[in-house]
1. Please go through segment 58-82 and pick out each residue that is assigned to a loop (DSSP other than H, G, I, E, B) and surrounded by 11 or more Cβ atoms within 10 Å (Cβ to Cβ).
2. Would you point out the residue of segment 31-57, among those that are among the aliphatic types (A, V, I, L, M) and surrounded by 12 or more Cβ atoms within 10 Å (Cβ to Cβ), that is nearest to R82 (Cα to Cα)?
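Read-outs throughout are calculated quantities, based only on the coordinates presented, and are distinct from any laboratory measurement. Here the structure is a predicted model, which means the values were calculated and not measured. Cβ: placed from backbone, ideal geometry, glycine included. Neighbour counts: every protein chain shown.
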Amino acid sequence: MKTCKRQFVLIKNNDKKYISYNLTEADRFMFEQYAGMVLDEICYHFNLQRVQKSIDQALDNNDKQLFAELSLKYNQLLQENR
C-alpha cells in the first residue's frame, strides 16, 4: 500500500515543532472526506446566518415581499440539511 509522507509545522508559544507521519491512501482519502464535511457544515451555517440577518432587516424595513422570498430561501436551506 502506498504511503504519503507529510510534514506539518505546529507553532506553540512561538517555538516551532515539526512532526511528520506516513499516511496510507485510505487515510488520506478519509481526511479529505472529513475536511469536505467540515467545510460543508461551515458553509451551511454561514449561509443560514446570512439569510437570517437579511430576514431581520426585511422585518425591520417592513418589506413583506423580501421577507417572503428570504423565508422560502431559509426553509430550503433547512430542508437541504436534514
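1. Step one: list which residues in segment 58-82 are assigned to a loop (DSSP other than H, G, I, E, B), which gives 61-63, 81-82.
Matches in segment 58-82: D63, N81.
2. Restricting attention to segment 31-57, the residues satisfying the condition of being among the aliphatic types (A, V, I, L, M) are 35, 37-39, 42, 48, 51, 55.
From what's left, surrounded by 12 or more Cβ atoms within 10 Å (Cβ to Cβ): 48, 51, 55.
On the way: L48: 13, V51: 17, I55: 21 Å.
For segment 31-57, the residue satisfying everything is L48.
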